[in-house]
Each structure stands twice: as C-alpha cells, then as structure tokens.
Amino acid sequence: MNSEILHAKLKENFGFEKFRPNQETIINTILSGQDTLAIMPTGGGKSICFQLPALVLPGITIVISPLIALMKDQVDSLKTNGITACYINSSQSSEEQQYYIDNLKSNNFKLVYIAPESLSYLDSVFNELTISLIAIDEAHCISSWGHDFRPAYTNLGYLKSRFPSTPVLALTATADKATRTDITKQLNLRNPKTFIASFDRKNLSLEVRPALDRVKQIIDFIEERPNESGIIYCLSRKTTEELAQKIQKSGITAKAYHAGLDNTVRAKTQDEFINDDCQVVCATIAFGMGIDKSNVRWVIHYNLPKNIEGYYQEIGRAGRDGLPAETLLFESYADVIQLQKFASDGLNSDIQLAKLDRMKQYADALSCRRKILLSYFGELVTENCGNCDICNNPPTFFDGTILAQKALSAISRLQQSEPLAVIVDFLRGSRNAYIYEKNYQSLKTYGIGADISWYDWNQYLIQLINLGYCEIAFHQHNKILLTPFAKKVLFEGEKVKLNTVVKKVIDKNEIKETKAKTTKITLFEILRKLRYEISKDEEVPAYVIFSDAALRQMETLRPMSDEEFLAIDGVGKAKLEKYGQEFIDAIVYFENAKKKKAKAKKEGNTYKTTLEMFLNGNTIEDIALKRNLGQTTIISHLAKLYIDGHDLDLSQFVSDEEVKLLHKAQVELEYPTALKPYFDHFEEKMSYDKIRFGLAIVERNK
Ligand code: ADP
Ligand code: ZN
C-alpha cells in the first residue's frame with residue numbers, strides 16, 4: 001500500500017508520525033497476503049504490525065495471545081484510540097462471551113483477542129466470520145525449544161489448514177535460531193517472509209556497579225528519580241521482601257512480588273504498579289511477563305542474572321515508550337558463587353555454567369557493554385555505543401605489579417585457606433576478632449596494604465581473579481587459591497596491569513538539588529496528574545491514555561489548539577476528541593499562570609522603581625517624565641504603595657480635613673469603586689489626585 005496512505009492511517013488511528021524500523025514493510029507483506037514471521041525486541045512495536053492491517057482489511061483480525069492481563073491492556077489501548085476490539089477468554093462469563101460472539105458476527109469489531117485455550121470452543125463461530133488476518137503474539141510459546149513453552153500453543157498449527165488463504169503473522173522477541181525454525185514449522189507457515197529487527201535498544205543506558213552498600217545505593221538512586229517507576233530484580237524471594245521493606249522505610253512506595261505470594265496479592269501489586277500507584281516493585285523473575293507498561297523508567301538487578309537472555313529480557317521492560325531509560329546491574333562475588341553452585345548442580349550444567357560465564361564477562365567488561373550484548377545475539381556492532389558506563393568512563397590502567405605481589409603473597413601467607421574478605425582484612429591490618437583468633441596479626445606481611453581502602457582492595461582482588469592469577473574454590477568455603485600463574489608475578493618479575501577503581505560517589509547535595517528541582521511544579525507533572533485522574537475515571541492504566549513520550553512532547557511544544565495538539569506524536573483522531581480539550585485547558589491554564597506571574601513580577605518592579613524615586617525626593621511630575629509614564633499612573637502607584645504599608649508622607653497632597661470629608665462621603669455614597677461619584681459629590685471642587693490619595697489613607701486606617 002502507498003506509503004503516504006499508511007502513514008496517514010498510522011497518524012489518524014494511533015497518533016504516530018513515523019513507523020519504527022520494519023513496521024511498514026511487515027505491514028505491506030501482510031497486506032499482500034503473505035505469511036510473515038516478525039522478530040522484534042520487547043518495545044520494538046510489534047502490535048502496530050497487526051493492528052494497522054486489521055483496520056485496512058475488510059474482515060476481522062484474530063489475535064492469539066497467551067496472557068489474559070495483556071489482552072485487556074491491548075484492548076483498552078485500542079479503545080482509547082477509537083478502534084473496535086474485544087477479547088474472549090476464560091475470565092469472562094459465558095453470557096459475556098456470547099455477547100462478544102454476537103457482536104463479532106454482526107461485524108462490530110475489527111479485532112478479537114483470543115487465548116489459545118478458547119480456540120476450539122470458538123471454531124464453529126469462525127464459519128460465520130470473515131477472517132482477514134491471524135496474528136500469533138509471543139509465537140515462541142509454541143516451541144519447546146524456547147524458554148516459555150505453552151502446551152495450548154501446540155494446537156495452533158491447525159489454523160493455517162483451516163484458513164489456507166488467510167495470512168498468518170507470527171510475532172516474537174526471541175531471536176534464537178532453533179526456535180525460529182520451529183515456529184515456522186509448527187504453525188505451518190507457507191514460505192513466510194521473515195523480518196528480524198535489530199535488538200539494539202538505544203534508549204536503554206547500561207551500567208554495572210560492584211555490589212557494595214547496595215541498599216543505600218538503590219535508595220539514593222530512587223531518591224534521585226522521584227515519581228519514576230522501576231523494577232528491581234532479585235534472586236530470592238526473601239531478598240525481594242527485605243529490600244521492599246527497606247525502601248518503604250525511606251518513604252518510597254515499594255512492594256515485593258514473587259511466585260510464593262498469594263495470587264490476589266500479586267495481581268494487586270501488578271495493578272498498582274501498572275496504574276502508577278506503586279513506584280517500585282522488587283521482584284523475582286516472575287514479574288514483568290504480562291505487562292505492557294510503557295513508562296518503566298529504570299530496571300535494577302540487585303543480583304547478577306543467570307544468563308544474558310534473561311538479563312536482556314528484563315532490562316527490556318524499561319523504556320518501551322522510546323524515552324531514555326536506565327538500567328543498573330550490581331555484581332557481587334557472593335552471587336557468582338551462588339549461581340555457580342546452582343548451575344553446576346542443575347540440569348545441563350555445562351551449558352548453564354557457560355552461560356553464566358558469559359554473563360560474568362559482560363559484568364566485568366572493560367569495553368563497550370552494548371557491543372558485548374549485541375554480539376551475544378549475533379549482531380555485529382562496530383561503533384561504541386556512548387550510552388554505557390564503559391563508554392562514558394573508559395577504564396584507565398596503571399602498573400599494578402606491586403599491588404598484585406602484595407595480594408598474592410598475602411594469599412600465600414594465609415596458606416590459601418581464606419576467602420576474599422579475610423585476605424582484604426589481613427592486607428589492611430584490620431583488628432577484628434577473626435584475625436586475632438587466628439593470630440594473623442603476627443604474620444610478616446600483615447597490614448602491608450593499609451593505605452588502600454577496603455573497597456579498592458576488593459576490586460583489585462577480583463581483577464586478579466579475572467586475570468587468572470588466583471581463583472575461588474567454590475566447593476571449599478570459597479577460599480582463594482593461587483594458580484600456577486601467580487608464581488610469575490611473585491618470583492619471575494611479570495608485570496600486572498590493573499584497572500583504576502572508580503567508585504561512584506553519590507553526592508547528597510546533588511540529590512537535594514534534584515529534589516528541589518522536582519518539587520517545583522512543571523507542566524509535565526501537571527499533565528501527569530491529569531493523565532492519572534483520567535486513568536482512574538476510565539479504569540485503564542495511565543500509559544494507555546498517553547505515553548510519557550507524548551506528555552514530554554506536550555511539555556515542550558505546548559499545544560494550545562486542536563491542530564497543534566494533533567501534531568503530538570501519540571495523538572490520533574480519537575484521542576484528540578476524547579482528551580484534547582482537557583489537556584489543552586491544562587496547558588493554557590499553566591501558560592496563563594506563568595504569564596500572570598511574570599506580569600506580577602514586572603509590576604512589582606515598576607512599583608519598586610516609583611517608590612525608590614519618590615523616596616529620593618523626585619516629584620510626581622519628575623517621576624512621570626523620567627519613566628515616561630502618565631502622572632495618574634505614578635499617583636496610583638504611590639496610593640497602592642501607601643495602602644501596602646510603605647512609609648510615605650501623603651499629607652503634602654491631601655489634608656486631614658479632606659481625608660475626613662472623603663471618609664464621610666464614602667459611607668454616604670455606599671462605598672463606590674469608581675472615583676467619579678466622589679468628584680461629583682464635592683461638585684468638582686476636589687481634584688482626582690486628592691481623592692485618590694485621600695481614599696488610600698482611609699483604606700489604610702481601616
Ligand atoms: P512490543 O509488543 O514489541 O513490545 P508494543 O507494540 O507494545 O511493543 O509497542 C511498544 C511501545 O511503542 C508502545 O507504547 C507503542 O505505543 C509504541 N509504538 C509502537 N509503534 C510506534 C511508532 N511507530 N511510533 C511511536 N511509538 C510507537
Ligand atoms: Zn558503550
């Protein structure tokens with residue numbers, strides 16, 4: 001279809017100005033009647049690929065989706081865009097289901113979302129419908145190769161034989177080749193055209209920090225980002241609960257989410273998070289699958305993930321709206337030890353250990369992290385990304401030979417029988433009970449590294465492990481052993497290059513400043529509140545009304561007419577009609593308030609100038625001349641200044657007697673607001689200036 005027409009449809013129905021990579025070609029392929037396999041990362045914009053064709057094609061589009069919560073979300077989203085859609089799944093009563101079936105038969109819906117379990121039940125209904133397109137979301141669920149196999153998906157292959165001439169679109173974010181082939185085969189796709197979008201999510205920043213003082217670092221991180229939603233992934237259920245509690249204590253709404261919690265508790269937490277009522281969720285991997293929340297602004301990994309696939313999927317839940325979003329991973333040696341134990345005790349231990357190793361390499365990387373991630377998914381990137389901690393702070397190396405010698409000889413002195421923490425204590429000459437109990441303080445090299453902080457020693461030792469000079473005996477209480485290479489450093493003069501340790505120091509003042517900045521009411525905050533209120537009224541998540549990206553654009557462009565509002569990315573025809581006025585009103589109100597404030601400020605200044613000149617002995621005439629203002633204006637300034645309590649001598653302009661007369665007249669005339677009645681009352685014998693000044697004195701004496 002003509003690109004201009006497609007763009008017009010995209011704008012009118014979804015409010016977007018441009019297609020994301022691959023969307024337009026995928027849509028054209030479907031419209032030409034061909035089966036299609038679309039592989040796009042989370043947040044890549046898969047939904048548009050079938051929602052837009054659904055509007056163009058004559059009949060109904062069936063969408064197979066595995067998650068009931070997600071169906072509701074997508075249907076809500078479509079409805080706010082004025083598109084007719086419904087879903088049919090087991091959460092509904094049979095009356096409700098019948099209602100939707102009847103409406104489908106009368107062609108009242110363009111899209112219907114169906115859970116795979118409900119397909120057989122609906123089969124007879126299909127005979128009475130014109131089905132133009134079948135979209136299969138999360139298509140990897142059909143493959144037992146994939147990580148999320150769902151038995152109900154295995155029956156989907158019959159759809160192609162049932163509707164041989166209807167194009168099928170399979171969508172997934174799983175890039176794995178075996179899974180891809182399996183999807184095509186099992187769905188009986190006919191010569192599908194395959195599209196693989198880049199997995200690069202440029203708007204996600206990548207950062208890894210050593211896991212010291214994690215809780216404090218996390219609380220600081222959240223405090224620096226008030227009102228921003230985020231997810232913290234933890235390895236254990238216990239950690240999610242403890243962490244959520246600690247975060248709550250600093251006055252941030254945070255909840256735990258894990259498979260051990262009651263279903264209703266979990267659903268409630270998920271809802272609160274989706275609806276912006278809970279800022280932070282501390283979760284095990286169970287969280288995030290079924291949510292489309294586009295304004296997750298950051299994802300933290302409290303623990304090292306098991307593998308890069310999982311990690312990438314989890315960070316992918318941030319920044320789906322395309323705005324900058326942050327990811328932060330904490331790396332701790334204790335985690336590596338634990339994960340290594342899990343992996344070696346589990347199934348396919350070799351593969352799991354190898355995957356964990358890749359994860360660890362990513363965390364320990366000394367070159368662009370995005371390059372490493374994308375190369376894992378088979379994408380070759382030549383440029384550094386500029387949006388990871390390594391790119392922003394390239395490591396610097398120094399000659400660490402002496403440090404290495406000190407550390408390795410300490411390990412040797414301690415008979416290769418102690419874990420990392422004890423070695424650091426020994427190097428630093430710590431006087432703790434364990435050291436004394438073992439009498440380590442009497443050994444020769446005790447305290448030779450006292451000039452280096454605990455934190456830095458930790459990092460240097462980890463680097464030495466990564467360089468292969470020593471290793472951790474995971475099955476022997478994690479004691480540190482020397483490898484044969486240690487000899488080269490200790491006795492053969494081998495040089496060791498170490499990487500300078502940079503500790504991210506968090507500046508409390510900076511946090512205060514950000515806080516102060518954010519307590520200032522911005523237009524974005526006002527629009528966010530308005531969106532929140534509307535979302536409560538309509539019982540849909542806030543991001544369904546408008547994405548953060550749309551609100552940000554409103555803040556920058558300040559649209560004040562329908563036409564300007566429609567130019568916002570994310571505003572289509574339906575949203576303009578439904579929400580345009582309220583948002584425009586809010587923007588106009590904000591702008592007017594701003595102008596008023598500016599005017600008041602300017603006026604404040606003009607009064608101040610008059611006051612200063614008057615107190616410096618200038619006459620009213622002088623001031624008017626010098627300021628190029630009318631004398632009446634200056635008189636009204638002085639009268640107002642007098643009422644406001646400034647120390648001015650007005651007796652030169654109006655006598656006590658005249659003030660008394662004015663006061664009397666005021667009562668008799670029943671407090672007129674204009675001056676003319678007074679002027680008439682005194683038969684034009686009292687000047688307007690006297691009346692003005694006199695009334696100011698009356699006013700102040702009240
Ligand atoms: P996926 O299913 O691939 O994770 P979605 O279809 O949910 O992604 O889209 C992710 C987000 O991107 C949604 O908020 C959606 O509204 C937005 N989006 C999709 N296509 C576009 C586009 N062409 N321009 C701007 N935003 C888009
Ligand atoms: Zn980078």
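What full-extension length gain, to one decimal in nm, is calculated for residue 597 and residue 188 as 0.36 nm per residue of separation minus the Cα-Cα distance?
140.6 nm
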- Task: Determine which lysines satisfy two conditions relative to residue 660: a Cα distance under 23 Å, and not lying fewer than 8 residues away in the same chain.
- Result: 640, 676, 685, 690, 702
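Taking N as the number of residues in region 397-499, what value does Rg over Cα atoms divided by 2.2 N^0.38 Å take? Spell out each step's value before the answer.
Details: Rg = 12.7 Å, N = 103, 2.2 N^0.38 = 12.8 Å.
Dividing the Cα Rg of region 397-499 by 2.2 N^0.38 Å gives 0.99.
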- Amide H neighbours of residue 232 under 5 Å, at least 5 residues apart or on other chains, H built in the peptide plane: list them. 281, 282, 283, 300
- residue 562 accessible area, nearest 10 Å², 1.4 Å probe? 80 Å²
- Could you tell me what fraction of 2.2 N^0.38 Å the Cα radius of gyration of region 212-267 comes to, as a two-decimal ratio? 1.15
- In Hz, Karplus ³J(HN,Hα) per residue of region 667-674 (6.51, -1.76, 1.60; θ = phi - 60°; x = Gly, Pro): 5, 4, 7, 6, 6, x, 8, 7
- Rg in Å to one decimal, and Dmax rounded to a whole Å, for region 85-244 via C-alpha atoms: 21.6, 63
- Message: Treating region 236-281 as a set of equal point scatterers at the Cα positions, no solvent, please give the Debye-formula log₁₀ I(q)/I(0) at q = 0.17, 0.23, 0.29, 0.33 Å⁻¹.
- Response: -0.44, -0.78, -1.08, -1.17
- Message: Check which residues have an amide H placed less than 5 Å from residue 304's amide H, if you skip close sequence neighbours.
- Response: 332
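From the gyration tensor of the Cα coordinates in region 204-392, what semi-axes in whole Å does the equivalent ellipsoid have, largest first, with each one equal to sqrt(5λ)?
Values: eigenvalues 131, 82, 50 Å².
Value: 26, 20, 16 Å, ordered largest first.
From Cα pairs below 8 angstrom and at least 6 apart in sequence, can you work out the relative contact order of the chain, rounded to a whole percent? If you can, show how the numbers build up before the last one.
On the way: 1026 pairs, mean separation 81.0, N = 702.
12 percent.
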- Taking region 73-182, which GluC sites (Glu not before Pro) meet the DSSP loop condition and have no more than 15 other C-beta atoms within 10 Å? 128
- Could you list the square roots of 5 times each eigenvalue of the Cα gyration tensor of region 72-131, that is, the equivalent ellipsoid semi-axes, sorted largest first and rounded to whole Å? 18, 14, 10
- Note on the structure: For residue 135, the residues 5 or more places away or on another chain with a placed amide H closer than 5 Å to its own amide H are 62, 63, 64, 169
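Please report the orientation-averaged projected area of the chain, defined via the convex hull of its C-alpha atoms, in nm².
On the way: hull surface 188.8 nm².
Mean shadow area of the hull around the Cα atoms is 47.2 nm².
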- Task: Find the lysine pairs in region 204-392 meeting two conditions, Cα atoms under 19 Å apart and a separation of 8 or more places or different chains, and report how many there are.
- Result: 20
- Starting from the exponent 0.38 and prefactor 2.2 Å, build the expected Rg for region 521-601 from its residue count and divide its actual Cα Rg by it. 1.08
- Message: What are the ³J(HN,Hα) couplings of region 83-88, residue after residue, when phi is run through the Karplus curve with 6.51, -1.76, 1.60 and θ = phi - 60°? Round to Hz, x for glycine and proline.
- Response: 9, 7, 8, 8, 10, 10
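Ranked from the most accessible area to the least, with a 1.4 Å probe and all protein chains present, what is the order of 56, 296?
Details: 56 45, 296 0 Å².
Ranked from most to least accessible, the order is 56, 296.
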- Query: Can you give the accessible area of residue 125 in Å² (nearest 10), computed on protein heavy atoms with a 1.4 Å probe?
  - Reply: 20 Å²
- Task: Rank-order 313-320, 250-257 by packing density, defined as the average count of other C-beta atoms within 10 Å over each peptide's residues, highest first.
- Result: 313-320, 250-257
- Roughly to the nearest percent, how much of the accessible area of the chain is carbon and sulfur, given a 1.4 Å probe? 51 percent
- Task: Just reorder 109, 330 by solvent-accessible area, largest first, 1.4 Å probe, all chains present.
- Result: 109, 330
- Residue by residue through region 378-392, which ³J(HN,Hα) values in whole Hz follow from phi under the Karplus form 6.51 cos²θ - 1.76 cosθ + 1.60 (θ = phi - 60°), with glycine and proline marked x? x, 9, 9, 10, 9, 8, 5, 7, x, 10, 10, 5, 6, 4, 6
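Apply the a/c threshold of 1.5 to the C-alpha gyration tensor of region 3-196 and tell me whether it is rounded, prolate or oblate.
On the way: a/c = 1.45, a/b = 1.04, b/c = 1.39.
It comes out rounded by the Cα gyration axes.
The values are calculated or read from the model by the stated rules, or taken from the named source; none is laboratory data. Here the structure is a predicted model, which is why all the values come from computation and not from measurement. Positions of Cβ are backbone-derived with ideal geometry, glycine not excepted, and every protein chain shown enters the neighbour counts. These accessible areas exclude ligands, DNA and RNA; they are computed on the full protein's heavy atoms, side chains included. Shrake-Rupley method; radii C 1.70, N 1.55, O 1.52, S 1.80 Å.
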